[in-house]
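See structure below.
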Amino acid sequence: MKLLIVEDHDPLRTLLVEHLQRRGFAVDSADTGMQAIAMMRSFQYSTVILDLGLPDMDGQQLLATRGSHHTEPPPYIVLTARDALQSKVNSLNAGADDYVLKPVDIDELEARIRAILRRAGRNNTTLVQGNLVFEPQSRHAMVNGGVLTLTRRETMLLEEMLRSTPRIVVKDHLEERIYSHHENVTLNAIEVLVSRLRRKLKAAGATACIETIRGIGYRLVPEEPHVQS
């Protein structure tokens, strides 16, 4: 799951990014409305956290563009110091899915993000492939009831593979969903990540395996993978 935080206040933006990354999200951030618009034209986000007090435009203007970038616009959480009722009404009428006042408890904001994802049907369904089970709420992956020890990015990779099965997931999509756009991603970063997860699944006795589709990407299959030439 990939989030976009549009926030002018640098300390708060940094705090939110670091916290949500630790909690298993891929997070991009922008400090102006124009930067956010450009990013939304290039990437698909699961949720946008939007400050109304941006230096180059009012956040209401950015909210008004929510349907112009993708077929299914992401849900928006307005995060603002504006406590006037009319501001809240205007934001909700413009398409905001939630309206949160600053200062905000960061755990509460995370809970609101997860609640919106549940309502969108993204974050509440147990994912199963053979004896491999993934619980989106707890972020736990299990094989035959035993919990796998995975890194944050391995967990994100596994979730994307499970949600896409039996379809092929192209490499570029995995990079977009797992890494923030400003991270320096090496050419073989996804291959290394896939290799590590593949080894852990095999060691745990999972009946689900990651198959490499050469030159295209990967898919999760219920038997030993083979490499297509």
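The values are calculated or read from the model by the stated rules, or taken from the named source; none is laboratory data. Here the structure is a predicted model, which is why all the values come from computation and not from measurement. Cβ: placed from backbone, ideal geometry, glycine included. Neighbour counts: every protein chain shown. Calculation scope for accessible area: heavy atoms of the full protein, side chains included, ligands and nucleic acids excluded. Shrake-Rupley method; radii C 1.70, N 1.55, O 1.52, S 1.80 Å.
Just a few scattered comments:
- Phi angles across segment 152-160 convert, under the Karplus curve 6.51 cos²θ - 1.76 cosθ + 1.60 with θ = phi - 60°, into 3J(HN,Hα) values of 4, 6, 4, 5, 5, 4, 4, 4, 4 Hz, Gly and Pro given as x.
- Rolling a 1.4 angstrom probe over the chain with all protein chains present gives an accessible area of which 51% lies on carbon and sulfur atoms.
- With N counted as the residues of the chain, its alpha-carbon radius of gyration over 2.2 N^0.38 Å works out to 1.09.
- Rolling a 1.4 Å probe over the heavy atoms of the protein chains gives segment 117-213 an accessible area of 49 Å² per residue.
- Taking 109, 187, 63 in turn, the Gaussian network model of the chain (Cα-Cα springs below 10 Å) assigns the largest fluctuation to 187.
- Computed helical MRE - 222 nm, the chain, DSSP H runs ≥ 4 contributing -39500 (n - 2.57), nearest 500: -11500 deg cm²/dmol
- Candidates per trypsin sites (Lys or Arg not before Pro) in segment 126-229, loop by DSSP, up to 16 other Cβ within 10 Å: 139, 167, 214
- Each of the peptides 82-93, 127-138 was scored by the mean count of other Cβ atoms within 10 Å over its residues; in descending order, highest first, they stand as 127-138, 82-93.
- With a cut-off of 12 Å between beta carbons, the residues surrounding residue 37 carry a summed charge of +1, where Lys and Arg count +1 and Asp and Glu -1.
- Across q = 0.16, 0.18, 0.23, 0.24 Å⁻¹, segment 1-71 modelled as identical point scatterers on its alpha-carbon atoms has Debye log10 I(q)/I(0) values of -0.50, -0.63, -1.01, -1.08, in the order of the q list.
- Ordered from highest to lowest accessible area with the whole protein assembly present and a 1.4 Å probe, 142, 34 read as 34, 142.
- Cubic angstrom per residue, convex hull over Cα atoms of segment 119-208: 106
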